[in-house]
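**Q** The structure that follows is given in the form of structure tokens.
The values are calculated or read from the model by the stated rules, or taken from the named source; none is laboratory data. Just so it is clear, the model here is predicted, and its values are computed rather than measured. Cβ placement follows ideal geometry from the backbone for every residue including glycine, while neighbour counts extend to all protein chains displayed.
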Amino acid sequence: MKMKSGLYFILFLIAPVGLLGQELSSSLILNTNPPGAEALLEGEVIASGLTPTAFPGELQGKYRLTVKERGYETYRKTLFIHPDQPMELTLSLKPKTRFKAALRSLIIPGWGQSYCDRKAKGVFFTLLAAGAASYYFIADNRFNDKLEDYNRINSEYYATTSESEKINLYNALVSSRQNAYDAENRRLIAVGALIAVWGLNFADILLFFPNEKGNVTVNSLTLKPNLNVDGIKLVFSHKF
């Protein structure tokens, strides 16, 4: 009887250790260089954490891994996770470059700033460029209308043989020519504004490209249901 009681006591001591090992079992261990990157797993459930982190052993199936860190290129990969085949990944994230940022800003103002995680400044330059482009198209259409009026009146002026009509058309011709001249000046101003916005946006990304890459390391993991996937939904939260 004493032997059986001793056996129960040993099992009582071992059981929590076994449960703890089961709780801490991981289907995916993820490390990144630099650490502190945001990792997101999307599949049957959505799991997220900051590297280095371990995803729980309950995960199974096809998952989409996305790793983001400020100042680095986003990493994406499709994984097939099986609880009996744990895997460990170590990723070296590629730093974002001034060249790629400048190329983006050269194509679309603000794109390079957004690429560098400066969303507010990126939106500012994009809206500024859109406004300048809109003003140019309006000014260009107005110039074309005024130029068309001038050409029409000019043709009428040289086609008429009546002196009285020439006098009346001359005043209209002078006025239409001035209107076309003013419209052309506004169009040139719009072109200059558009070029200035593009140049300022390009100079900003060249001169103020962010070189700092701060790292924060927090070991944590959260799970929440993926509403875009049919089937069983899970809610799981864990900290290591």
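**Q** Only one of these conditions is not met by LEU127: (1) more than 30 Å from GLU69 (Cα to Cα); (2) modelled with pLDDT of 95 or more. Which number is it?
**A** (1) is the only condition that LEU127 fails.
**Q** Sticking with this one: I need the full set of residues from region 73-101 which are surrounded by 18 or more Cβ atoms within 10 Å (Cβ to Cβ) and under 15 Å from the mean Cα position of the chain (by Cα), in order please.
**A** Listed by number, the residues that qualify are TYR75, LYS96, ALA101.
**Q** Is there any pair with a first residue in region 62-75 that is under 14 Å from ASN211 (Cα atoms) and a second that is in a strand (DSSP E or B) whose Cβ atoms are under 8 Å apart and which are 6 or more apart or on different chains, and what are they?
**A** Note: pairs meeting the criteria are GLU69/THR32; GLU69/GLU38; GLY71/PRO95; TYR72/PRO95; GLU73/PRO95.
**Q** Continuing with the same structure: I'd like the full set of residues that are under 12 Å from the mean Cα position of the chain (by Cα), surrounded by 14 or more Cβ atoms within 10 Å (Cβ to Cβ) and among the basic types (Lys, Arg), limited to region 105-134. Lay out the reasoning, then the answer.
**A** If we filter region 105-134 for residues that are under 12 Å from the mean Cα position of the chain (by Cα), which is where we start, we get 110-120, 122-123.
Add one more test, that the residue is surrounded by 14 or more Cβ atoms within 10 Å (Cβ to Cβ), and what stays is 110-118, 122.
Residue satisfying the conditions is ARG118 alone.
**Q** Among the listed residues TYR170, TYR157, TYR150, identify the single one that is touching a Lys or Arg at 6+ places or on another chain (Cβ under 8 Å), among the aromatic types (Phe, Trp, Tyr) and either at pLDDT below 90 or exposed (fewer than 14 other Cβ atoms within 10 Å of the Cβ) (or both).
**A** Details: TYR170 fails: touching a Lys or Arg at 6+ places or on another chain (Cβ under 8 Å); TYR150 fails: either at pLDDT below 90 or exposed (fewer than 14 other Cβ atoms within 10 Å of the Cβ) (or both).
Answer to the check: TYR157.
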